[in-house]
1. What list of ³J(HN,Hα) couplings, whole Hz, do you get for segment 90-105 from phi and the Karplus terms 6.51, -1.76, 1.60, once you set θ to phi - 60° and write x for glycine and proline?
2. Taking a ≥ b ≥ c as the square roots of the Cα gyration tensor eigenvalues, with a/c under 1.5 meaning rounded and otherwise prolate when a/b beats b/c, else oblate, which class fits segment 101-195?
3. Kindly identify segment 209-290 as rounded, prolate or oblate by the Cα gyration tensor criterion: order the square roots of the eigenvalues as a ≥ b ≥ c, call it rounded if a/c is under 1.5, otherwise compare a/b with b/c, prolate if a/b is larger, else oblate.
4. Using modelled backbone amide H atoms (1.01 Å from N, in-plane), which distant-in-sequence or interchain residues come within less than 5 Å of Ile180's amide H?
5. Would you mind working out the magnitude of the charge dipole of segment 68-200 relative to its Cα centre, with +1 at each Lys and Arg C-beta and -1 at each Asp and Glu C-beta, to the nearest 20 Debye?
6. What order do you get for Lys119, Lys444, Lys420 when you list them from fewest to most C-beta neighbours inside 10 Å?
7. Would you kindly derive the ³J(HN,Hα) couplings of segment 514-527 from the backbone phi angles with the Karplus curve 6.51 cos²θ - 1.76 cosθ + 1.60 (θ = phi - 60°), listing them in order in whole Hz, with x for Gly and Pro?
8. Can you give me the long-range amide H partners of Val584? Hydrogens built in the peptide plane at 1.01 Å from N, cutoff under 5 Å, separation of 5 or more residues or another chain.
Amino acid sequence: MFRTSIRNKLIAFLLAAVIVPLATSIAINYGYTKKTITQDKIEVTSTLLAQGKENIRHYMDTIHQATLSVYNDAKLNAIIETGSTDYLSDQETYRALMHMANVMPDIYQVYLYMEKAKKPFVMINALLKRVPEPGSPQPYQPDFGGAEVIVEPPHPSHDYGFAPTAYIAPATVMTMHRNIRRVPLTEGLGILSMDVNMQGLRAMAESLYDPGREQFYILDRSGAVIYGPDERLWGSRLTGGWASGLLARPEQAGSMFAKGEGFQGVQVYDTLETSYLSWTIVKRIPDEVLYKQARDLARINTFVLAAFSLLSIIVTVGVAILFTAPIKRLIGYIGAIQKGNMNVDIDIRRKDEFGLLAARFRSMMQHINNLIVKEYRLELANRTNQLKALQAQIHPHFLYNALQSIGTLALHMNAPHIYKLISALGKMMRYSMNTSETTVPLAKEIDHIRSYVELQRNRFDERLTLELEMDPATLHILVPKMTLQPLLENYFKHGFDAASETTGAIVVRSSFTEDGRIAISVADNGKGADPGQLDELRLLLRRAGNDLDAELDTANEGGIGLVNVLSRLKLTYGDTADMRIGTVKPHGFEVDILIPAERNEADDENHNRG
């Protein structure tokens, strides 16, 4: 229906003209918006992480400064170095630990172990826990790994070997441990551990992302989770997957797209490096959040597209029906005419182009009704007259010369040879005068030119040979009558030199071509033609093939031969027939004829039976 209906094509074209540009615009706009939003989101997130990183750095630096009190507080430092265990020393220790615990509200407890005194202390909720005598409990020993200060990832708060306090609930904390040494020596004097409640870090982290739609992580160098959206993962180590790939990146800050492990989107990260910690801050934004604005815009555009498409369908269908209805009516009239009703009443009363088309078609049919029989019969008569006129144009000059030769021979010889010549001439005359046949088998044409050459050989004292190289399968092919004899006559008119002692030679060949046509060539060893003459002849032949009526005029002016033959070939076969001319080395002329292979059915039957 689409290929045969202009209405459907018009509808499809008008819809495409509206929908394709809109759809393309939406697709381009969506892609551009998506890309722009992604870049803006990454830039904004990077800036936000940089600010958040500085806040976290300041927060951790405050804790770090609080642990330095063991060096900055001269009295506490003296007690640690000397290992004093008296009452006043305990009071000073209480004061110093209380000061540390009150540096910020998030400090849950402070643990101090003095190596000289072999005494541990814990300050929790303004309560100082200590032992009355050294050696009990065993001191808590974190793994510093050669560092002075380490930050232990979130974990349940330590009891540091002391009995738990009933009214103080345990908490999830991160701990900053400091290895206390004698300055400037490296002698170990003790350990200071400060447990920090996670509420402060949680508040800073949650200000940097949307917990309902995004993910936010703080990871240390080993992949341990300092903070994450799932509190159950705090302190655990993320091995493999996206975390290991992110931590392995050499850039200090940047972004990367990730897909897998239940997440697809972009990860923006920044690195917090200090002398005592190395954290990576990561914000993971899923695609549904990242591209929400782009999708909302795409939905609006899609709604607009749907509305315009519906309106376009209504308009285009109406326009298509309006424009194609008169065409369909006209097609109906043409169908009636095709069935033979040449007097159908074409009733399309419009003032636009369709009305003009209907009026012109009505006028054309009236004209056709008046001329069709006359023109058809005239064309048939014209073609018949053209063929008969061309066949009748064989110049009588040859017949006169032949009769003169035979008469001269009859005066000098009284032999059967004269009869042979007369017989040959009679065959030619019967063949040429028989107008009931317009096409004959190629074999008859060959017999005709044999008689013709026999008479010419007698005329020129036997200085003439005829060589036939015929494909036997071509001898039953139908060809226009009197096709070859004018080509041979052309040789005697223009190429044969009667004064020369050289024997004239004519070679006639026939064969099948690759495209299924018959190729017949007539070549001689005559004078030939120079390039200028060849060009003139080829131009004449092109005109003969294009305008048969003009070549009839040329033939009437006495120009027979090549033009005559080509004109009859074109009348018989149309454009499938062709003629080509050329020269023969070292001298001579050649004509090649190409015609379709049309067999004589009766001859084929006899040939097959034989």
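1. Going residue by residue, I get 5, 5, 5, 5, 4, 4, 5, 5, 4, 4, 5, 5, 9, 4, 8, x Hz, with x marking Gly and Pro.
2. Details: a/c = 1.86, a/b = 1.26, b/c = 1.48.
Here segment 101-195 falls in the oblate category.
3. On the way: a/c = 1.61, a/b = 1.33, b/c = 1.21.
The shape class here is prolate.
4. Under 5 Å from the amide H of Ile180 lie the amide H atoms of Leu189, Gly190, Ile191, Leu192, each far enough along the sequence or on another chain.
5. Working: 10 positive and 14 negative charges, 34 e Å.
It comes to approximately 160 debye.
6. Details: Lys119 25, Lys444 16, Lys420 13.
Ranking Lys119, Lys444, Lys420 by Cβ neighbours within 10 Å, fewest first, gives Lys420, Lys444, Lys119.
7. Calculated HN-Hα couplings, in order: 5, 8, x, 9, 9, 10, 10, 10, 10, 10, 9, 10, x, 5 Hz.
8. Those lying under 5 Å, H to H, from Val584 are Phe589, Glu590.
We did not get these values from a lab; they are worked out from the coordinates using the rules stated. Small disclaimer: the values here were computed from a predicted structure and weren't measured. For neighbour counting, all protein chains shown are included, and Cβ atoms are generated from backbone atoms with ideal geometry for every residue, glycine included.
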